[in-house]
Each structure stands twice: as C-alpha cells, then as structure tokens.
Amino acid sequence: MPKSKTITVVRQALLLKHWYPESEVEFDHKGLTWSYTLTPHPHCAAYDVRIEYELGFVPRAYVDKPTLFCPVDVKLPHCNDQVSQWLCLSYQKANDWLSCMYIARTTVPWISEWLVHYEVWCVTGTWEGGGFQVGPVPWERQRA
C-alpha cells in the first residue's frame, strides 16, 4: 500500500476557508489557527470554536465561548483539558486522524458531533458519543 501524502498547511487552510467562508484562518508553512462560530444542529447553541494545527501533529480543537457547563465536582467527558476546553476528538492509538486527512472533512464535523453529544450529556448526564475516555492527557501534542 503506498504511503499517503501529508496535506500542506496551505491546502488545509484553503479548504477550511472555502467550506466556511465566514471563518478566520491564520497560517504559515508550519501550521494554522482556524476560528469559527459553529452551530452543530438547529436546536443547539452557537459556539466559538478554534482549531490549532501544527503540520505533522493531530489538530487540537477548543471551545472558546461559551464556557462549557459542568456540574461541580464533575469533569467534562472527552475533554483533554478542562480549563482550556481542549476537546478529545480522536484516539491516537487508533489512528483516527492522519496528516493525509483534511481538517475541514474530519475535525470540524467531529467538533459538531462532540457538541451535540455534550448538549445531550448536559440533559441526561450520560455521554452517548462513544469513544475512549482516557483521562488527563500527559502530552501536549500528538503526532499524526
């Protein structure tokens, strides 16, 4: 099987801007930051989200606003960092995200799906989104 090619930061940025023209994208040859107000479903709230991507690493997604609700003494499920609201969208050992994938086709829809499951969790107290809950993450970046 031939090795898949890494998608350049420029190509990632262009597709993000093409699919989400009202978004903001800042990039250079090493990485990008993408910001957008995302409403994952007509019955959901709007969220200011941000993706930080460094070439060769898994994109990191954050909810900047609003601060996600969480009951006292409970941690947000599938969230790598409670303070920065860094969402857990993929599992490195499963190779859920590879550098040959487009962020606009993977990470952005995963953020929407996470937010829908978050809103259900707020009502039911049960995370229905599946995945692995691995607890606090000891690393800053995950290689793609």
(Q) From the convex hull of the Cα coordinates of segment 79-128, what is the mean projected area in square nanometres? (A) 4.1
Q.
Test of the criteria: in segment 64-108, which trypsin sites (Lys or Arg not before Pro) are in a DSSP loop and have at most 12 other Cβ atoms within 10 angstrom of their Cβ?
A. K75
Q.
Heavy atoms of the protein only, probe of 1.4 Å, neighbouring chains included. What is the accessible area of V108 in Å², nearest 10?
A. 0
Q. Can you give the angle from 0 to 90° between the axis of helix 107-124 and the longest principal axis of the chain, with both taken from C-alpha atoms, to the nearest 10?
A. 0
Q | Mean Cβ count within 10 Å, highest first, over the residues of peptides 95-104, 14-23, 53-62 | A | 53-62, 95-104, 14-23
Q: List the aspartates and glutamates whose Cα lies under 19 Å from the Cα of K30, skipping any in the same chain that are fewer than 8 positions away.
A: E52, E54, E140
Q) Nearest 10 degrees, 0 to 90: what angle lies between the long axis of helix 9-19 and the longest principal axis of the chain (Cα atoms)? A) 60
Q: Calculate the spin-label point distance for T8 paired with V116, positioning each point 7 Å from the Cα along the beta-carbon direction, and give it in nanometres.
A: 3.5
Q. What accessible area per residue comes out for segment 29-124, rounded to a whole number of Å², with a 1.4 Å probe?
A. 50
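The values are calculated or read from the model by the stated rules, or taken from the named source; none is laboratory data. Because the structure is a prediction, the values reported are computed rather than measured. Using ideal geometry, Cβ is built from the backbone for each residue, glycine included, and neighbour counts are taken over all protein chains shown. Accessible surface areas use protein heavy atoms only, side chains included; no ligands, DNA or RNA. Shrake-Rupley method; radii C 1.70, N 1.55, O 1.52, S 1.80 Å.
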